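Notes follow once the structure below has been shown.
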Amino acid sequence: APWLWLQYVDMGERERVLKLQTSSSARTEDYRVRRPSGEVARLSQRALPMHGPSGELLRIIHLATNITWQVDTSKQLRVEIDKRQDSEAKYRAVVENVSEGILVTAAGRILYANPKALEFTALDEETARSKPFIEFIHPEDRAMVLDKHMRRLRGEVVDNHYQFRVQHGDSPLRWLEISAVAFEWEGQAATLNFLTDVTAKRQADQDMLKALAHERELSELKSRFVAVASHEFRTPLAAILSSVELLDAYGPSFPAEERRELLGQIKIAVARMTGMVEQVLLTSRLELGTFKFDAKPLAVPEWLIRTMAEFELGNRQGERVSLTCDGLDAARAADQQLLRHVVVNLLGNALKYSDPDTPVTFEVSGVGDYLHLRISDQGIGIPEADLPHLFGSFHRGTNVGNIAGTGIGLHIVKECVDLHQGTIEVSSQPGKGATFNVRLFAPLV
């Protein structure tokens, strides 16, 4: 029954197989057959015509090969390739669209960078691959990053999360947080790095720290103000109270001279309290920003004469001050109010913290667009530990002892100097006096 197997050939392929069986030419066909067990197999059948010496067709030989396993393997391979291609496409889509930067580095260079990593570092792909990755890191952070990178490659335990700065060309400074793991890339030791932009977070943290520091400073300022006020206001109040009680009890019997002396003490105490209140209010105005720089033409020598005359009326030791001027013939643009606060407070401190029999020098000169003030005394000086806090509100030197004061004067001086676009420097040694050098912007007009 030579045609019996045709009933096992797939119905859709029987006609093609029948033509193959009766063909007189060489040809090959693949087709499916169903075995008696029900299993489907795949055959590849080749027809080979055999001819006699005179060319007559003698017979046709058919060679059939079971290619079932090849077809199945090919299908599986195709499916696997499709799966891998699909997985690679999905992987690439994820990697190229995540919000984190992804870098692969090896031998000090960037082998791969996803778009977000290029955005974070402000680089293009060609530039990123052309230079050592350490060149794209902020110079101050390079040593730290390189040390961690090399230790990780050596297999040492390294923090997986740390932060560093990057800045390339004119791009803005960014803070990045890195999470890195060592792995093998194309047969060589490499590092897989995940980058997160934490610039905004660090800025928010800094703002919060500044706000907390400012709040702490205000709290300390209030505490110092209460301490200073309770101490400094107590003395003049006590003087006023005792003088008033004496006048109330014995006023009619006191000689006129003694009554005038008691009234004079009351006036001095009131003036002292008024001055302290004015300093506190002035400090508040400066911190609130209501004090503005208002420069107008000023004949400095004439202004200094008037100011020194007023100063000596309120301070009996003002005659100890020796004033010298140089280069002040032409008028200059200056704010009289700010200038007065600087001069009066610095001279007042120089007289207060030096012996009554020692001189205080006040030198004023004009150089270019600037007005230079130099005030020196031979008093108690300023300890080195107090210098960093010298211009803070209510700060007083640790060596002032019982000398009265609120610790506001130098803070006012610093604020006024800043408003006048100037600088102030101090040099001092305990027991050898202090020298303040002030430089104020006051161009010729």
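The values are calculated or read from the model by the stated rules, or taken from the named source; none is laboratory data. Here the structure is a predicted model, which means the values were calculated and not measured. For neighbour counting, all protein chains shown are included, and Cβ atoms are generated from backbone atoms with ideal geometry for every residue, glycine included. These area figures cover heavy atoms from the full protein model, side chains too; ligands, DNA and RNA do not enter into them. Shrake-Rupley method; radii C 1.70, N 1.55, O 1.52, S 1.80 Å.
State which residue is surrounded by the fewest Cβ atoms within 10 Å (Cβ to Cβ) when the search covers only the range 177-194 and only residues that are of a type in the set (Asp, Glu) and in a strand (DSSP E or B). Break it down stepwise before answering.
Pass one, the range 177-194, residues of a type in the set (Asp, Glu): 177, 184, 186.
Keeping just the survivors that are in a strand (DSSP E or B) gives 177, 184.
Details: GLU177: 16, GLU184: 9.
Per the stated criteria, the residue is GLU184.
For the range 389-434, what are the residues that are of a type in the set (Phe, Trp, Tyr) and at pLDDT 80 or above? Can you show your working first?
Filtering the range 389-434 down to residues of a type in the set (Phe, Trp, Tyr) leaves 391, 394.
Of everything in the range 389-434, just one residue is of a type in the set (Phe, Trp, Tyr) and at pLDDT 80 or above, namely PHE391.
Only one of ALA249, ALA238, ALA271 is within 23 Å of CYS416 (Cβ to Cβ), open to solvent by 50 Å² or more (accessible area, probe 1.4 Å) and either in contact with a Gly (Cβ under 8 Å, 6 or more places away or on another chain) or in a helix (DSSP H, G or I) (or both); which? Write out each step before concluding.
Values: ALA249 fails: within 23 Å of CYS416 (Cβ to Cβ); ALA238 fails: within 23 Å of CYS416 (Cβ to Cβ).
Within the list ALA249, ALA238, ALA271, the selection yields ALA271.
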Query raised in the report: Taking the range 353-369, which residues are over 41 Å from the mean Cα position of the chain (by Cα), of a type in the set (Val, Ile, Thr) and either buried (at least 17 other Cβ atoms within 10 Å of the Cβ) or closer than 28 Å to LEU298 by Cα (or both)?
Result: VAL360, THR361
**Report entry** Tally of residues being more than 17 Å from THR65 (Cα to Cα), of a type outside the set (A, V, I, L, M) and surrounded by fewer than 14 Cβ atoms within 10 Å (Cβ to Cβ) across the range 1-15
**Finding:** 5
Query raised in the report: What residue, among those in the range 195-211 that are hydrophobic (A, V, I, L, M, F, W, C) and open to solvent by 70 Å² or more (accessible area, probe 1.4 Å), is modelled with the highest pLDDT?
Result: ALA200
Report task. Take the range 145-162 and flag every residue that is crowded, with 16+ Cβ neighbours inside 10 Å and either within 22 Å of LEU123 (Cβ to Cβ) or within 22 Å of the chain's Cα centre (by Cα) (or both). Result -> VAL145, LYS148, HIS149
Requested in this report: State which residue is surrounded by the most Cβ atoms within 10 Å (Cβ to Cβ) when the search covers only the range 131-144 and only residues that are in contact (Cβ under 8 Å) with a residue 24 or more places away in the chain and assigned to a helix (DSSP H, G or I).
Outcome: PHE133
Query raised in the report: Give me the pairs: first residue in the range 239-255 and farther than 10 Å from ILE266 by Cβ, second residue assigned to a helix (DSSP H, G or I), beta-carbon distance under 7 Å, and six or more apart or on different chains, which are they?
Result: LEU246/LEU262; GLY251/ARG259
Query raised in the report: Filtering the range 346-391 down to residues that are of a type in the set (Ser, Thr, Tyr) and out of contact with any Ser or Thr (no Cβ under 8 Å at 6 or more places or on another chain), which residue is farthest from ILE412 (Cα to Cα)?
Result: THR358
Report task. Please give the number of the condition ARG306 fails out of (1) part of a helix (DSSP H, G or I); (2) at pLDDT below 85. Result -> (2)
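Hey, among the residues in the range 323-352 that are of a type in the set (Val, Ile, Thr) and assigned to a helix (DSSP H, G or I), which one's surrounded by the most Cβ atoms within 10 Å (Cβ to Cβ)?
Across the range 323-352, the extreme among qualifying residues is VAL342.
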**Report entry** Search result, residues across the range 113-130 that are of a type outside the set (Gly, Ala, Ser), touching a residue at least 12 places away in the same chain (Cβ under 8 Å) and outside any helix (DSSP H, G or I)
**Finding:** ASN114, LEU123
